[in-house]
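Enquirer: Let me begin by handing over the structure; questions about it come next.
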Amino acid sequence: MAKESFVEQIADIEKDFPQWYTDVVLKTGLVDYGPVKGTMVIRPYGYAIWENIQSELDSRFKATGHKNAYFPLLIPMSFFTKEAEHVEGFAPEVAVVTHAGGEELSEPLAIRPTSETIFGSMYSKWIQSYRDLPVLINQWANVMRWEKTTRPFLRTSEFLWQEGHTAHATEDEALEETMKMLAVYKEFAENVLAIPVICGKKTEKEKFAGAVATFGMEAMMKDGKSLQAGTSHYLGQNFAKAFDIKFLDKDGVQKNVYTSSWGVSTRLIGALIMAHGDNRGLILPPKVAPCQVVIVPIAAKKGGVMEACADIKAKLEKAGVRVILDETDNSPGWKFNEWEMKGVPLRIELGPRDLEAGKALIFRRDTLEKAEVQLDNIAKTTQQLLDTVQKDMLEAARVRRDNKIVYANDLKGILNGVEGGNFVKAGWCGCRECEDKIKAETAATARVFAEGETSKTCAVCGKKAEHTVIFARAY
RNA sequence: UGAGGUGUAGCGCAGUUUGGUAGCGCGUCUGGUUAGGGACCAGAAGGUCGUGGGUUCAAGUCCCGUCACCUCAACCA
């Protein structure tokens, strides 16, 4: 009987982007829903992507002088109340432990939604002198935020992330750190995830609770909506004062330190899916793909086919390529669809006919092109092609994004822009009323300030524009 | 919190109007034949019908309660 084609099983990316996303995430085996609402179980295939992200990021953190550490999951509630804006921003979404050991606790414990407070409390003990500075620590951890509506990777009650927390002697140094890590994220997003991003300062409304300034990294998804893919915060002396983090400077004066914090999360996996995927499923850039090449034997039982496939696998492994030989007895068509759905960048097909000719077919997931390759130098060809795919994916994403950035002079222009799935650059006077009005009438929010651009007037009130802002609907 | 909807096999559903042996498709498992875009044959396993009570000779089906989930609204660094 005629089965539903694979393409029909996955929602149409053009017509129903959210449904397409959910289908892909579940059907590719990245995650499953957890028993507690809003939680996800990250399955091995999804976690392998995260491990690749971790290792790429971690080497960049080490290269910029940071060290890893681990801080506790539970934070005394009183810590949050020490910084006024921080507690106000996070209180609604903090999960709290009230009982343990069969008794009610004398002080409730927050399950960390972020760790500025507990880092702050420890830094106040560790830092005494300018000689102790800077302190550059990162931690890989889980955090919990009790959001009302959730979606796998994009917004879940519990998620994995890294959070860097640094303390510095001067404002300049802390600001420099904030910007340096934002640049690290940008370079990583583009060269590893193949996602072009726009970085910039956030408005007061969108800034992190407790920060002096927040800088965001925004990525455009295929439907033109924006996803905040990472943030870097300059915290000034807000947390230093709240947690009494002081040092004796060279001039003999006691001073508060200046701190920064920055983080990216498993949301990056959601970004990967939505920035690159198509109607066949995922398309993963080679650098983070758990499997970079899949070998599909054709007529596997015929003489020499499996042996030749195993030989190719060995050669690729030796060259450092992550490769899977699909030895299951599914039909070739089934295998093609399965691995395409999972986003494997390259597929090598080898059957009796190819073997005789000393060739194989190699298929590119990103462009859907097939080409013949000589078996003799297949390892080298494959490696080169992986590099090409990595670069082409970034370039293709860049073109997609650049075609969807428009300018607007008034509210209607912003509305038309975002309805058409664009990022819209528009002037803004800087007042909260105008920002709120844009959100109310267009469902778009201010993502980041567009640096190096000047608009004359505010798109809402017509007064003099203080900034040019990128507006977009966001996930 | 306001409005609507859904709970029956791993997944998707029918069956409820009119009470009478628990069904279908996909998937899974076993054995075999196949193979260049989701192949085919044969066989098998799998269900406290969300949950508590009531009516009845008899309840997936009728009555009362309750829980969970989904959609929209609201809320949301």
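Enquirer: May I ask you to list the residues in the stretch A:347-362 that are within 8 Å of RNA strand B (Cβ to nearest atom) and over 18 Å from A:Pro290 (Cβ atoms)?
Expert: Matches in the stretch A:347-362: A:Glu349, A:Leu350, A:Gly351, A:Pro352, A:Arg353, A:Asp354, A:Leu355, A:Ala360, A:Leu361.
Enquirer: Also: Being closer than 23 Å to A:Ala183 by Cβ, in a strand (DSSP E or B) and of a type outside the set (A, V, I, L, M), is that true of even one residue in the stretch A:42-56?
Expert: no
Enquirer: Does the stretch A:291-306 hold any residues that are on the phi < 0 side of the Ramachandran plot and aliphatic (A, V, I, L, M), and which are they?
Expert: A:Val293, A:Val294, A:Ile295, A:Val296, A:Ile298, A:Ala300, A:Val305, A:Met306 - these are the residues of the stretch A:291-306 that are on the phi < 0 side of the Ramachandran plot and aliphatic (A, V, I, L, M).
Matching residues to (1) acidic (Asp, Glu); (2) more than 21 Å from A:Lys287 (Cα to Cα); (3) part of a helix (DSSP H, G or I); (4) outside the structural domain of A:Glu204 (by TED's automatic domain parsing):
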{"residue": "A:Ser59", "(1), (2), (3), (4)": "no, no, yes, no"}
{"residue": "A:Ile75", "(1), (2), (3), (4)": "no, yes, no, no"}
{"residue": "A:Phe79", "(1), (2), (3), (4)": "no, yes, yes, no"}
{"residue": "A:Val87", "(1), (2), (3), (4)": "no, yes, yes, no"}
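Enquirer: Checking A:Val344 against (1) within 30 Å of A:Arg60 (Cβ to Cβ); (2) more than 12 Å from RNA strand B (Cβ to nearest atom); (3) outside any strand (DSSP E or B), only one condition comes out false. Which one?
Expert: All conditions are met except number (2).
Enquirer: Here's another thing I want to ask about it. Got a sec? Which of A:Lys205, A:Lys180, A:Lys186, A:Lys222 is modelled with pLDDT of 95 or more and within 29 Å of A:Leu415 (Cα to Cα)?
Expert: A:Lys186
Enquirer: While we're here: Take residues that are free of Cβ contacts under 8 Å to residues at least 60 places away in the same chain and tell me which of the strands (runs of 3 or more DSSP E) falling wholly in the stretch A:177-266 contain 3 or more.
Expert: A:213-220, A:226-236
Enquirer: Name the residue that is surrounded by the most Cβ atoms within 10 Å (Cβ to Cβ), counting only residues in the stretch A:359-382 that are in contact with a Phe, Trp or Tyr (Cβ under 9 Å, 6 or more places away or on another chain) and in a loop (DSSP other than H, G, I, E, B).
Expert: A:Arg365
Enquirer: Here is a follow-up. So if I check each of A:Val424, A:Val406, which one is touching a residue at least 24 places away in the same chain (Cβ under 8 Å) and either within 30 Å of A:Phe153 (Cβ to Cβ) or surrounded by fewer than 21 Cβ atoms within 10 Å (Cβ to Cβ) (or both)?
Expert: The match here is A:Val424.
Enquirer: Of the residues in the stretch A:104-153, how many are within 16 Å of RNA strand B (Cβ to nearest atom), of a type outside the set (Lys, Arg) and modelled with pLDDT of 90 or more?
Expert: Count: 18.
Enquirer: I would also like to ask the following. Could you run through the stretch A:162-217 and say how many residues are touching a His at 6+ places or on another chain (Cβ under 9 Å), closer than 30 Å to A:Pro285 by Cα and of a type in the set (D, E, K, R)?
Expert: Number of matching residues: 2.
Enquirer: Any residue at all in the stretch A:270-285 that is more than 28 Å from A:Pro18 (Cα to Cα), within 10 Å of RNA strand B (Cβ to nearest atom), touching a residue at least 12 places away in the same chain (Cβ under 8 Å) and in contact with an Asp or Glu (Cβ under 7 Å, 6 or more places away or on another chain)?
Expert: Kept after step one, since they are more than 28 Å from A:Pro18 (Cα to Cα), are these residues of the stretch A:270-285: none.
Checked against the condition, which is being more than 28 Å from A:Pro18 (Cα to Cα), within 10 Å of RNA strand B (Cβ to nearest atom), touching a residue at least 12 places away in the same chain (Cβ under 8 Å) and in contact with an Asp or Glu (Cβ under 7 Å, 6 or more places away or on another chain), the stretch A:270-285 yields no hits at all.
Enquirer: Among the residues of the stretch A:268-289, what is the count of those that are of a type outside the set (A, V, I, L, M, F, W, C) and closer than 30 Å to A:Arg353 by Cβ?
Expert: Total meeting the criteria: 5.
Enquirer: For residues that are under 22 Å from A:Ala242 (Cβ atoms) and surrounded by fewer than 21 Cβ atoms within 10 Å (Cβ to Cβ), scanning just the stretch A:170-204, find the one that is nearest to RNA strand B (Cβ to nearest atom).
Expert: A:Glu204
Enquirer: In addition: Is it fair to say A:Glu349 is touching a Leu at 6+ places or on another chain (Cβ under 8 Å), exposed (fewer than 15 other Cβ atoms within 10 Å of the Cβ) and in a strand (DSSP E or B)?
Expert: Considered against the rule, which asks whether it is touching a Leu at 6+ places or on another chain (Cβ under 8 Å), exposed (fewer than 15 other Cβ atoms within 10 Å of the Cβ) and in a strand (DSSP E or B), A:Glu349 comes out as no.
Enquirer: Does the stretch A:293-330 hold any residues that are in contact with a strand residue (DSSP E or B) (Cβ under 8 Å, 6 or more places away or on another chain) and either within 10 Å of RNA strand B (Cβ to nearest atom) or acidic (Asp, Glu) (or both), and which are they?
Expert: Within the stretch A:293-330, the subset in contact with a strand residue (DSSP E or B) (Cβ under 8 Å, 6 or more places away or on another chain) is A:293-298, A:305-306, A:308-310, A:312-313, A:316-317, A:321-327.
Once the filter is applied, which keeps residues that are in contact with a strand residue (DSSP E or B) (Cβ under 8 Å, 6 or more places away or on another chain) and either within 10 Å of RNA strand B (Cβ to nearest atom) or acidic (Asp, Glu) (or both), the stretch A:293-330 yields A:Val296, A:Pro297, A:Ile298, A:Val305, A:Met306, A:Glu317, A:Asp326, A:Glu327.
Enquirer: Ok, one more. Mind checking whether some residue in the stretch A:400-409 is farther than 30 Å from A:Lys463 by Cα and at pLDDT 95 or above?
Expert: Yes: the stretch A:400-409 contains one or more residues that are farther than 30 Å from A:Lys463 by Cα and at pLDDT 95 or above.
Enquirer: Across the stretch A:154-166, which residue is nearest to A:Ile273 (Cα to Cα) among those that are modelled with pLDDT of 95 or more and within 12 Å of RNA strand B (Cβ to nearest atom)?
Expert: So, considering only residues that are modelled with pLDDT of 95 or more and within 12 Å of RNA strand B (Cβ to nearest atom), the one nearest to A:Ile273 (Cα to Cα) is A:Trp161.
Every residue, every condition in (1) aliphatic (A, V, I, L, M); (2) closer than 30 Å to A:Glu218 by Cβ, yes or no:
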site: A:Asp311; (1), (2): no, no
site: A:Ala319; (1), (2): yes, no
site: A:Pro345; (1), (2): no, yes
site: A:Gln374; (1), (2): no, no
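Enquirer: Still on this model: Go through the residues of the stretch A:263-276 one by one and say whether even a single one is out of contact with any strand residue (DSSP E or B) (no Cβ under 6 Å at 6 or more places or on another chain) and farther than 30 Å from A:Ser232 by Cβ.
Expert: So far as the stretch A:263-276 goes, no, none of its residues is out of contact with any strand residue (DSSP E or B) (no Cβ under 6 Å at 6 or more places or on another chain) and farther than 30 Å from A:Ser232 by Cβ.
Enquirer: Something else about it: Just give me the residues in the stretch A:24-38 being buried (at least 17 other Cβ atoms within 10 Å of the Cβ) and either touching a helix residue (DSSP H, G or I) at 6+ places or on another chain (Cβ under 8 Å) or at pLDDT 85 or above (or both), in sequence order.
Expert: A:Val24, A:Val25, A:Thr28, A:Leu30, A:Val31
The values are calculated or read from the model by the stated rules, or taken from the named source; none is laboratory data. Being a predicted model, the structure only gives us computed values, none of them experimental. We place every Cβ from the backbone using ideal geometry, glycine too, and count neighbours over all the protein chains shown.
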